[in-house]
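**Student:** Before we start, here is the structure in question, set down as C-alpha cells.
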Amino acid sequence: AQKVTQAQTEISVVEKEDVTLDCVYETRDTTYYLFWYKQPPSGELVFLIRRNSFDEQNEISGRYSWNFQKSTSSFNFTITASQVVDSAVYFCALRGGGSQGNLIFGKGTKLSVKP
Amino acid sequence: GAGVSQSPSNKVTEKGKDVELRCDPISGHTALYWYRQSLGQGLEFLIYFQGNSAPDKSGLPSDRFSAERTGGSVSTLTIQRTQQEDSAVYLCASSILDRVGEQFFGPGTRLTVL
C-alpha cells in the first residue's frame, strides 16, 4: 500500500523564521515520484517540485529547499526566511512507478506566517 | 485560457438530485484526473483518464459516481442521487503524459448537498 503522512497539521511562525514541513511516505515500488504542492487561500493547487526516487540530490529554489532521504522515507520541505505570502496549505504527494497515474496525497500542513 | 478550467465554481443541490461537474483540461494534455477534497479527508483520488485507454476508476467511492471524457478533452463527473456526504470540493487536474505526475489543477467545484 502507498501512503503519505504529514504529521504536522498546522504550523504558525513569525515572518523571517525558517520552517520545515515534514513528509514521510510508504511505498513498495522501487521507482516512484514525490511532489510538493501549495494551496493558497485562493484554493488552487500549485505544483512546487517533483523528485524521482533514483535522484536523492537535494534541491534549492530561492527560499525553498527540499531534503529527500530514502533511508528514512522522508521528503521534507524547508522555507527559509518565511514571508506572509507563504501562508498556505502544503501537500506532499506520491506517485508510484506503475501505470497508475494518480497522486496519493498527505492530509496537508497549514502554514500561517504572521507579520 | 491557459489553465485547467472547471464549471460550475459552486453548486448547491438537494439530497437525491443528480449533478454534473465539468472539466476543461489544458490543451494537449493527454491525462486527466478527478480528485475530491473534503474537510478532514485531504485529497482523494477518484478517477484517471489516460489518452484512449480505459479509465482507472479505482477511486470512485460508489456506483453513484461516474465520469466520462469525450474526444480526449473535456470531462464530466456525474454524481447521481447525491448525499450530504458528497459535499466537497471536486478538483480536476491534467498533465502531459511524459511529465510524470506534474499535474496542473483547476480551481475546483464546491458542491454542497443540502
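**Student:** Under 28 Å from the Cα of B:K11, which lysines turn up, not counting those fewer than eight places away in the same chain?
**Tutor:** A:K38, A:K107, A:K110, B:K57
**Student:** For A:L111, what residues show an amide H to amide H distance below 5 Å, using hydrogens built from the backbone and excluding near sequence neighbours?
**Tutor:** A:I11, A:A88, A:V89, A:Y90
**Student:** So, one more: P(r) for segment A:1-114: what percent of alpha-carbon pairs falls in each 5 Å bin, starting at zero?
**Tutor:** For segment A:1-114, the binned pair fractions read 2, 12, 24, 25, 19, 11, 5, 2, 0 percent.
**Student:** Taking the Cα-to-Cβ direction at B:V12 and at A:E15 and moving 7 Å from each Cα, how far apart do the two end points lie in nm?
**Tutor:** 3.7
**Student:** Skipping prolines and chain starts, which residues have an amide H placed within reach, meaning under 5 Å, of the one on B:L60, given they are 5 or more residues away or on another chain?
**Tutor:** Amide H neighbours of B:L60, under 5 Å, 5+ apart: none.
**Student:** Please turn the phi angles of segment B:79-87 into ³J(HN,Hα) values with the Karplus equation 6.51 cos²θ - 1.76 cosθ + 1.60 (θ = phi - 60°), one per residue in order, whole Hz, x for glycine and proline.
**Tutor:** Rounded to whole hertz, the list is 10, 9, 6, 4, 10, 4, 6, 7, 4.
**Student:** Still on this structure, please answer the following. Based on alpha-carbon centroids, what's the gap between segment A:21-68 and segment B:48-75 in Å, whole number please?
**Tutor:** Cα centroid to Cα centroid, the span is 26 Å.
**Student:** Now for a different question. Rounded, prolate or oblate, given the Cα gyration tensor of segment A:37-99, with a/c below 1.5 counting as rounded? Working shown, then result.
**Tutor:** Numbers: a/c = 2.53, a/b = 1.41, b/c = 1.79.
Oblate shape, in that a/c is at least 1.5 and b/c is the bigger or equal ratio.
**Student:** Could you compute the FRET efficiency for A:D55 and B:S58, with r as their C-beta to C-beta distance and R0 at 25 Å, rounded to 0.05?
**Tutor:** With a Förster radius of 25 Å, E is 0.35.
**Student:** Which number do you get for Rg(Cα) / (2.2 N^0.38 Å) in chain B? Mind dumping the intermediate values first?
**Tutor:** Values: Rg = 13.3 Å, N = 114, 2.2 N^0.38 = 13.3 Å.
Against the compact-globule rule of thumb, the ratio is 1.00.
**Student:** How many percent of the alpha carbon pairs in segment A:21-68 exceed a separation of 18 Å?
**Tutor:** For segment A:21-68, the fraction of Cα-Cα distances above 18 Å is 36 percent.
**Student:** Can I ask one more? Tabulate in residue order the Karplus-calculated ³J(HN,Hα) for segment A:22-34, using 6.51 cos²θ - 1.76 cosθ + 1.60 with θ = phi - 60°, rounded to whole Hz; enter x for Gly and Pro.
**Tutor:** 8, 8, 10, 10, 10, 7, 9, 5, 8, 10, 7, 9, 10
**Student:** Taking H as built 1.01 Å from N, whose amide H comes closer than 5 Å to the amide H of A:E15, not counting residues under 5 places away?
**Tutor:** A:K114
**Student:** Next question, about the same structure. Output ³J(HN,Hα) for segment B:5-22: one whole-Hz value per residue in order, computed from phi by the Karplus curve 6.51 cos²θ - 1.76 cosθ + 1.60 with θ = phi - 60°, and x for Gly and Pro.
**Tutor:** Listing the rounded values in order: 10, 9, 8, x, 7, 9, 9, 10, 9, 8, 3, x, 7, 8, 9, 10, 10, 10 Hz.
**Student:** Separate question: Of the candidates A:E59, A:E15, A:E44, which one comes out as most mobile in a Gaussian network treatment of chain A with C-alpha springs shorter than 10 Å?
**Tutor:** The residue that fluctuates most here is A:E44.
Laboratory data are not the source of any read-out in this text; all were calculated from the coordinates shown. Keep in mind the model is a prediction, meaning the values are calculated, not measured. Glycine also receives a Cβ, built like all others from the backbone with ideal geometry; neighbour counts cover every protein chain displayed.
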